[in-house]
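Report on the following structure.
The values are calculated or read from the model by the stated rules, or taken from the named source; none is laboratory data. Quick caveat: nothing in here was measured; it's all calculated off a predicted structure. Heads up, the Cβs are rebuilt from the backbone with ideal geometry, glycines too, and the neighbour counts pull from every protein chain shown. For the accessible areas, the whole protein counts, side chains as well, though only heavy atoms, and no ligand, DNA or RNA atoms are used. Shrake-Rupley method; radii C 1.70, N 1.55, O 1.52, S 1.80 Å.
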Amino acid sequence: TTFDYQVTQGEMRQARVRVPAGHRLLRVEGESIRTWELKTEGGAEVLLVDLLKGVSPSYRLTVETEKVLEKLPAQARIDIPHALDVQRETGLLAVRGGEELSLSVETAAELQRVDAAEFARVSGQKADGIFSAWRFLKPEFQLTLRAEMVQPRIEAIVLNQIRVGFEQTTILAQVEYTVKQAGIFNLKLALPAGYRLESLTGPNIQQWTENKETRVADVALKERTSGTFRVTAYLVSSQMGLLPAMDLAGVHPLGVHKLAGFIGVATETGVAVKATTFSGVTEVPASTVVLGKPIQAGSSGGVVGGLAYKYLVSESVPETQPWKLAVATETMESWVRAEVVNVLSTSETLVTGRALVRYDIQNAPLKEFRLRVPAHLKNVEITGHNIRRRDQNGEEWRVELQNKVRGNFMLTVTWEEPRESKTNQLAVAGVSTIGAERETGSITILAKPPLQVEERGASSELIRIDARELPAWAGISAVAARPGAEVPVLSYRYLRPGWTLTADIKRFDDAAVLQALVEGAALITVVSDDGQMMTQMTLSVRNNGRQHLEIELPAKSEVWSAFVAGMPVRPGKRGDKVVLPLEQAGGGDAAINIELTYVGAEKFPRRKGAVNLVSPKLDVPLKNAQWELFLPPDYQYEDFGGSMTHTPGEAPQVKVFSQTEYAEQEMRNRELAEVERKNFFSNAKVQLQAGKVAELNEALSQARSGRARYKDADRDLERLEEDLKKAQVGNLVQAQRDYTLENAAKFGVNLNAPAQQAANNYFNYDAEAAGRQWDVLQRAQELTMTTVQPLHVNLPTRGLRHSFAQVLQTEINKPMTISFSAQNTKEPGWFSRVLTAVAAFVVLWSAVATLLGRRQTENATPAAA
């Protein structure tokens, strides 16, 4: 109660308020209050409030009291505190009830009803929750109210979805409550007899208990709940086989004031149901009953199929189920369509087959399948998902599953058929189904070159098709796309079983093709005065599958160094021939450079004679050759012959091997090595893009041994090794996935099915783990790899240079030859020696004669005197 005092004369220093009988004083609030006390005056309690100072012209005092009501429902007389010692008292009175109380006015005297908004405007309080407001002009008013607890009004919509199956009947009941006026703390559900309550879920449910005798589920909520909320119950009733007639029941909410219900009857695949008797319900279209969840607990969405009914109880909802429904059931026959893809892989001695049988099962699920497999086929295996057992009776095979299936289901049949070597004819046999309403299919024969498969005879049921028309789910196109895989050579389609097909299988001899060609050969030979020779042979080889190049050196020759694609190699020996590897060069379409340095000896004339030189013999044709000879300069050479032609119009040049010449050779070698490095890494990128990681890995192993020959090779090799590792890791992961997918297709497993999701996680191979696996393998290969140190020789090109050429050498293992005569220009002949001796004698004789003549003249002169 708030008192607004109006002081017209003087000042107010004390306020006196009469407190109603039975009220307890809670709070006194106002300005300038010194003390307050409660006294009894004339049998009534009076509140005395002393102020610190006199107040004028207005003063507000608030007094709060309470009174305990009797047990509800109760009649309450409204008494409020009144101000004493005042000339006139008027005011406003408002009554606000609790959320759980219902108020009503029994008597009201000396009161005028006003709007709650006016009361809120004058008092400054909120109008929310005010039951009623009055104005009084004198304090002697009377007001009596009746207070009682508010009873909640509960309305419910129940949806019972009943699903009838071969082994069990399930009920998914959804009760949507709407609680008005007051909240509730618990609710009850009547459960049908014979059903087991599996789960009961909903928002704000604390726990639920079931009374087995009364079949009532008592649900306790966490707090007072009002408004709209939904409770879902899932019940199961097991049975031995399909019951021919059933009395259906559902979940019934108790303690509601208004009830609307829907009943949906659905069936398991292969079961048909029809109503025999029903009461208290009205049949409605099944599509109009939409439930929040289907039969399976935990799933979402769905529309009731089959039968649907509705009912409405507006008043006096009974405690038992207000409807009855009886149905009759029957088993439906399955309708099966089969599509068979027979895939035959042929070889020279064996035919392996694989039949993919894809069933389309409608109307009712199926648990047993029958197949016809020709009796002469060997090692027959039947695989598929969820197979329990396989039985054979002659050509008929019976396959039983663990559970019934509906929709698409696949079986895979594999077999082998040995071929007779005496004949090229093949009678194609395939798998067919038994008991299917309709069977269609395809036949395809796979083969690898050099086998050729031709049609010999085909029945009218077979229609020739292109391999691209085969069903995509068979996965034949993906298998045929792999390098080196078998490809479809004959493909057919049939619309009904009973076909026959014969084919001829022939093997063609491999055609001889040029496997390697030496595009260019450059030989440089330095001959010393005593006949010692050093030759450097450089070959440019186009390789098309050769693993080695065989070179037969001239007699008494010894290899000093060998390089293949700029990489040092250790030549092998096969008899008298030197063997150089070609498969590790990895050049693709690019030519492979081979450098071979060897030394030998040839009979060279001391004064004059014939010289015959032969080149190494190659086991591949030669396209173009150049041979430079550096011969001793103190000879005269003529009568050039042999298979190679002396270069005409070119005067012999005398070469002196000096420091400058050595530096120039080193410069040329470095330039050549740089060109080889660029070619190697360029070809490596091409091979990496083409996926030839095996060949690139072998070439990379050779490149590691020759990294000192290449400038800045370390950085390029590390980059190439990293790219190669990524490619190898990708190949490992992809190979594992292809293996998994191929097995899944072979055994008819659908990896996209929910049941296979856990298994799919097993096949999610980790690229990091594959990288560690590759590192271990690489280190093992490096431990077993023999390192060949390069030994590069610079020829001392000293002497008289002669050049020879030959355009073509088609015969293999035939050397190129050079012949000429050499005459020493420093050694004198016998005629020169005789002439020299005569001349010396004449000179000596002349000198002796001259000396004797002088002595005779000297002796004669004194005698004359």
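Within the range 101-208, report the trypsin sites (Lys or Arg not before Pro) that DSSP leaves as loop and that have at most 16 other Cβ atoms within 10 Å.
When the trypsin sites (Lys or Arg not before Pro) of the range 101-208 are filtered for loop state and at most 16 Cβ neighbours within 10 Å, LYS126 remain.
Can you give me the long-range amide H partners of MET816? Hydrogens built in the peptide plane at 1.01 Å from N, cutoff under 5 Å, separation of 5 or more residues or another chain.
Residues meeting the amide H criterion: SER615.
Please work out the C-alpha center-to-center distance from the range 178-246 to the range 383-419 and express it in whole Å.
Distance between centres, Cα-based: 45 Å.
Hey, any idea what % of the range 527-571's accessible area is carbon plus sulfur with a 1.4 Å probe?
44
Counting other C-beta atoms within 10 Å, and keeping those with at most 10, which DSSP coil trypsin sites (Lys or Arg not before Pro) do you find in the range 573-645?
Here the trypsin sites (Lys or Arg not before Pro) that fit, given the DSSP loop and packing criteria, are LYS603.
Starting from the amide H of TYR635, placed 1.01 Å from N in the peptide plane, find each other amide H under 5 Å away whose residue is 5 or more places distant or on another chain.
THR825
Say the cut-off is 20 Å between C-alpha atoms; which of LYS71/LYS126; LYS274/LYS310; LYS67/LYS180 go over it?
LYS71/LYS126; LYS67/LYS180
What list of ³J(HN,Hα) couplings, whole Hz, do you get for the range 340-350 from phi and the Karplus terms 6.51, -1.76, 1.60, once you set θ to phi - 60° and write x for glycine and proline?
10, 10, 9, 10, 10, 10, 9, 9, 5, 10, 8
On full extension of the chain, what length is gained from LEU101 through ARG230, given 0.36 nm per residue of separation minus the C-alpha to C-alpha distance?
Taking 0.36 nm per residue and subtracting the Cα distance, the gain is 43.8 nm.
Quick one: accessible area per residue over the range 199-241, 1.4 Å probe, rounded to a whole number of Å²?
That works out to 58 Å² for each residue.
Can you pull out the GluC sites (Glu not before Pro) in the range 154-214 that DSSP calls coil and that have at most 13 other Cβ atoms within 10 Å?
Here the sparse-neighbourhood loop sites are GLU167, GLU213.
Testing the spin-label approximation: label points 7 Å from Cα along Cα→Cβ at LYS448 and ALA610. State their distance in nm.
Inter-label distance under the simple model: 5.6 nm.
Normalised by the empirical 2.2 N^0.38 Å for globular proteins, what value does the Cα Rg of the range 171-298 take?
Normalised Rg, Cα atoms only: 1.14.
Calculate one ³J(HN,Hα) per residue across the range 148-162 by plugging θ = phi - 60° into the Karplus curve 6.51 cos²θ - 1.76 cosθ + 1.60, and present them in order as whole Hz with x for glycine and proline.
Residue by residue, the range 148-162 yields 8, 5, 7, 8, x, 10, 10, 10, 9, 10, 10, 10, 9, 9, 9 Hz.
For LEU490, list long-range residues whose amide hydrogen, built 1.01 Å from N in the peptide plane, is under 5 Å from its own amide hydrogen.
The list, which skips near neighbours in sequence, is ILE445.
Work out from phi, with θ = phi - 60° and the Karplus expression 6.51 cos²θ - 1.76 cosθ + 1.60, the ³J(HN,Hα) of each residue of the range 126-136, listed in order in whole Hz, and give x for Gly and Pro.
In residue order, the calculated couplings are 6, 8, 5, x, 6, 6, 6, 9, 9, 10, 10 Hz.
Starting from the Cα of SER199, step 7 Å along the direction of its Cβ; do the same at LYS53; then give the gap between the two resulting points in nm.
7.5
Sticking with the crude label model, points 7 Å out along Cα→Cβ, report the distance from ALA839 to ASN424 in nm, one decimal please.
It works out to 8.8 nm between the two label points.
Work out the length of the dipole vector of the range 161-263 about its Cα centre, built from +1 on the beta-carbon of each Lys and Arg and -1 on the beta-carbon of each Asp and Glu, and round it to the nearest 20 debye.
320
Explain nothing, just the number: dipole magnitude of the range 96-185 about its Cα centre with +1 on each Lys and Arg Cβ and -1 on each Asp and Glu Cβ, in debye rounded to the nearest 20.
So the magnitude is around 220 debye.
Estimate the FRET efficiency between ASP466 and ASN408 by the formula 1/(1 + (r/R0)^6), using the beta-carbon distance for r and 30 Å for R0, to the nearest 0.05.
0.75
Give me Rg over Rh for the range 317-367, both radii from the alpha carbons and Rh done the Kirkwood way, two decimal places.
Answer for the range 317-367: 1.54.
Can you give the FRET efficiency to the nearest 0.05 for SER477 and GLN736, using r as the Cβ-Cβ distance and R₀ = 22 Å?
That gives a FRET efficiency of 0.55.
Work out how much length SER279 to THR349 would gain on full extension: take 0.36 nm times their residue separation and subtract the Cα-Cα distance, in nm to one decimal.
This chain segment gains 17.7 nm when fully extended.
Quick one: length gained pulling GLN151 to GLU437 fully straight, 0.36 nm per residue minus the C-alpha distance?
Working it through step by step, the gained length comes to 96.4 nm.
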